[in-house]
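The values are calculated or read from the model by the stated rules, or taken from the named source; none is laboratory data. Remember, predicted model here, so these are calculated numbers, not experimental data. Using ideal geometry, Cβ is built from the backbone for each residue, glycine included, and neighbour counts are taken over all protein chains shown. Heads up: the accessible areas ignore ligands, DNA and RNA and are worked out on the full protein's heavy atoms, side chains in. Shrake-Rupley method; radii C 1.70, N 1.55, O 1.52, S 1.80 Å.
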Amino acid sequence: MNDNYQINFSLKGFTSILIGAYFFIGGFFIETILKGSLTKETPLNLSYKTTEILIITTVLLVFIFSSLTLFFNGKRNAKKLQYQLWNDNSKVALKKYILAFVAIFTSLLILMNLGFITYLTPAFLILYGLLLFSIKHKDRKNLLILAGLSIFLAVICFLIPTYWSASLSILGIAHVAYGVAVKE
């Protein structure tokens, strides 16, 4: 049985590019929803509850698409290298992955319900940076840069709350650049 953790949960190449695109598009969509619900001149005229549901749905879709990208990339790599897709190590890694994202979503929902809307993006960026930091790779230096950037953007969002959209865009672009720089 091979230790294929790095194959199943790899952020290299096209996988990172797609995840970056999902972050970028999701951030843009959330910004558009918020601008549409706050401005009277736009045709959206969404209620607070509808806006909230659309934003939560967008975040969940970004998570689902990112997870599917990781899964299909792992499946393709395992088939190409003739490894077993799921072994004990990858099952443990999947449990950690799901637990991390449940913790992230729970934290964000608690902050949202408490009314700390301006802290949603910084909290997400810190938790996402910690998730990236905890991923085990042989060559972690590049991934550590991505995790450090995420935490740095969180600090900027704490200092400048209106910078949340740009931070998500920068994180998406950083994922794309990481994917281009660290090919499979």
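Which ones in segment 65-82 are in a helix (DSSP H, G or I) and open to solvent by 80 Å² or more (accessible area, probe 1.4 Å)?
The first filter runs over segment 65-82 and keeps only residues in a helix (DSSP H, G or I), leaving 65-81.
If the condition is that a residue be in a helix (DSSP H, G or I) and open to solvent by 80 Å² or more (accessible area, probe 1.4 Å), then 65, 72, 75, 76, 79, 80, 81 are the ones that fit.
Among the residues of segment 79-96, the ones that are farther than 20 Å from residue 60 by Cβ and either hydrophobic (A, V, I, L, M, F, W, C) or free of Cβ contacts under 8 Å to residues at least 60 places away in the same chain (or both) come to 9 in all.
Got a sec? Which of 99, 120, 144, 109 is under 18 Å from the mean Cα position of the chain (by Cα), surrounded by 17 or more Cβ atoms within 10 Å (Cβ to Cβ) and either over 20 Å from residue 61 (Cα atoms) or not hydroxyl-bearing (Ser, Thr, Tyr) (or both)?
Values: 99 fails: surrounded by 17 or more Cβ atoms within 10 Å (Cβ to Cβ); 144 fails: surrounded by 17 or more Cβ atoms within 10 Å (Cβ to Cβ); 109 fails: surrounded by 17 or more Cβ atoms within 10 Å (Cβ to Cβ).
Result of the check over 99, 120, 144, 109: 120.
Among residues of segment 156-177 that are within 18 Å of residue 118 (Cβ to Cβ) and without any contact (Cβ under 8 Å) to a residue 24 or more places away in the chain, those with a beta-carbon under 9 Å from a residue that is assigned to a helix (DSSP H, G or I) and open to solvent by 60 Å² or more (accessible area, probe 1.4 Å) at least six positions away or on a different chain give the pairs 156/163; 162/118.
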